[in-house]
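Below is one structure, written out as structure tokens; the observations come after it.
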Amino acid sequence: MPDTHAPAVPPTPPVPLAALLAREDLALRQIAGPPAEGIVIHWAHTSEMADPYPYLLGGELLLTAGVHVPAAGSDGGPPSSSDVESLGDYFDGYVSRIVAAGGAALGFGLAPVHDTVPRALVAACDAYELPLLEVPPQTTFSGVARAVWQLMAQARLAELRRTTEAQQSLAAAASRPDPVPSVLRQLAQRLGGWAVLYGPDGTRIAAAGRAPEDEVREALEALAGVVRPTRAQAPTSAADTAAGTHLAAYALGTGQGFVLAVATAHREPGDHTIASVAAVLLSLLTGEHQSGAGAARSSALVRLLLGAPPEDVAPLVGGERWLVVHARPDAQVPDAVAASALGAALGSPLVDLAHDVVRVLVPADREPAPQPGWTLGVSAAVAPHEWRSADTRAARALARARATRTALVRHGDRPGLDDLVPGAEAAAHARAVLAPIAANPALTDTLRAWLSLHGSWDRTAVALAVHRNTVRQRIARCATLLDADLDDPDVRMELWFALKHL
């Protein structure tokens, strides 16, 4: 049956018992039980309890000096046959409890209680196939535990290095022109096995690596059916074995029923992490192109590039009215990951990353809220044919938000006095009034920001990311070219009206 639960062992990197025996400074010697090759330990624990079962998690190297062992030959003479039989029964019960608790090995110290390892203990360990190590007098239990910790640290470092390299190679594969086959090839190479992607109907879409025998392939297909989200409470991953081959299946997070499955001859630390990274990448690759929303967005983009008007394209991505959001992070220049995360937080995948500003096109029914670490400017709700003007208004709202150190500023959407003047006449008036500075965007942008911030030099400098003296020089230049008194509120009102229609 598929195993969907982790084994009951401590969450630490396994350490080969053979590696511990190879430490010359410890001088450990195996004297009973199966060969150390293939046996791993997860911890080292010291206990002198006659029944250590309640204190073991599983996978430990249990260390004991035999303080708990009943004394034999208490009259000073050699142990009698009844003493030997009693010790045999004692050690039989002792070792059986260690094995029942999942202990991986037993280390017996030769000092200070015992000069030799009791023969009855050796016999019991052989009978229950528990590796028994002889710990010499000069080796302390704390030294053995420290050696285990050191080996664990080395194992963890090797595991992290392996998974990091695998993540980098999988990410590079996902950016290739054939991303799905490339990711599968890289995964099969990293795990040394066979990787296959199953579709929602169970058909094999792509595979990489050396294909296993039919029995293993059939078992892998069955395991993929266990995690496919066609039934309630299906697990997201499952593991099993078939013909000595380790199997694992991962449901992709697309909701479409895709499943990644792998078959490997050996299961190494980090395999699950590496396969999980591949599953995430394949989820993105299959989800975007296979989902209806992704296909619709692609179609909308193609139609726009081919000249379709925005109002004809908008129904493909949902919504009749839209908000344009401009955002800047408070700490650093935004990257693709941060931009995608912001889009997800605002409820829209329509994200554009510029040099220092992220723009998001959001359906009007998803009201943007302030986002930690971001400054946002939001346009009024508009129809698709007004997207361009809404983009300009969102940029102005962002500039005002940054200047006033406000997390989110919305551009007003209620009717204003400028709505009383026909658009063509307002535009003609704006061109006439601003003709002396219209060819210089630096002057018009500075004048617009300065007027919107009520003539504040410092706030305008912050909004434009320039020095306050630069703002003063530009405003003085505007006053000269326009031959206007910028301290006159009527002049300011006329210039603001003109700038809105320029």
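Determine, for each peptide in 364-372, 343-351, 382-390, the mean count of other beta carbons within 10 angstrom over its residues, then list the peptides with the highest first.
Descending mean neighbour count gives 343-351, 382-390, 364-372.
Based on Cα positions only, what radius of gyration and what Dmax would you give for region 118-223, in angstroms?
22.8, 67
Roughly what % of DSSP beta bridges within the chain run antiparallel, to the nearest 5?
75 percent
Quick one: if you stick a label point 7 Å off each Cα along the C-beta vector at residue 424 and residue 236, how many nm between them?
6.0 nm
In Å and from the alpha-carbon atoms only, list the Rg and Dmax of the chain.
Using the Cα atoms of the chain, the pair Rg, Dmax is 36.1, 121 Å.
So what's the angle, to the nearest 10 degrees on a 0 to 90 scale, between helix 119-128 and the longest Cα principal axis of the chain?
Tilt of helix 119-128: around 50 degrees.
Quick one: if you stick a label point 7 Å off each Cα along the C-beta vector at residue 442 and residue 389, how many nm between them?
3.1 nm
Explain nothing, just compute: Karplus ³J(HN,Hα) = 6.51 cos²θ - 1.76 cosθ + 1.60, θ = phi - 60°, for every residue of region 466-473 in order, whole Hz, x for Gly and Pro.
Those phi angles translate into 10, 6, 4, 5, 5, 4, 4, 5 Hz.
Arrange the peptides 205-217, 266-278 so that the one whose residues have, on average, the most other Cβ atoms within 10 Å appears first.
So the order, starting with the most tightly packed, is 266-278, 205-217.
Would you work out which of 306, 370, 252 lies farthest towards the positive end of the dipole of the chain? Charges go on Cβ: Lys and Arg +1, Asp and Glu -1.
306
Quick one: angle between helix 387-403 and the longest Cα principal axis of the chain, in degrees between 0 and 90, rounded to 10, please.
70 degrees
Just name one of 153, 188, 71: the one whose Cα is farthest towards the positive end of the charge dipole of the chain (beta-carbon charges, Lys/Arg +1, Asp/Glu -1).
It is 188.
Highest mean first, how do 103-111, 304-312 rank when packing is the count of other Cβ atoms within 10 Å averaged over residues?
Put in order of decreasing packing, that is 103-111, 304-312.
Could you give the size of the charge dipole of the chain about its Cα centre, using +1 on the Cβ of each K and R and -1 on the Cβ of each D and E, expressed in debye and rounded to the nearest 20?
Using Cβ point charges on Lys, Arg, Asp and Glu, the chain gives about 2300 debye.
Report, by chain and number, residues whose modeled amide H sits under 5 Å from the one on residue 40, excluding near sequence neighbours (fewer than 5 apart, same chain).
Here the answer is 17, since their amide H atoms fall under 5 Å of that of residue 40.
Go ahead and estimate [θ] at 222 nm for the chain from helices alone: -39,500 (n - 2.57) per DSSP H run with n ≥ 4, summed, over the residue count, rounded to 500.
-14500 deg cm²/dmol
Full extension from residue 159 to residue 176: what is 0.36 nm times the residue separation minus their Cα-Cα distance, to one decimal in nm?
3.5 nm
Helix 336-346 versus the longest principal axis of the chain: what angle, 0 to 90°, nearest 10, using Cα atoms?
Helix 336-346 sits at roughly 80 degrees to that axis.
Each reported figure results from applying straightforward, stated rules to the coordinates on display, with no laboratory input. Just so it is clear, the model here is predicted, and its values are computed rather than measured. Ideal geometry is used to build each Cβ from the backbone, glycine not excepted, and the neighbour counts take in all protein chains shown.
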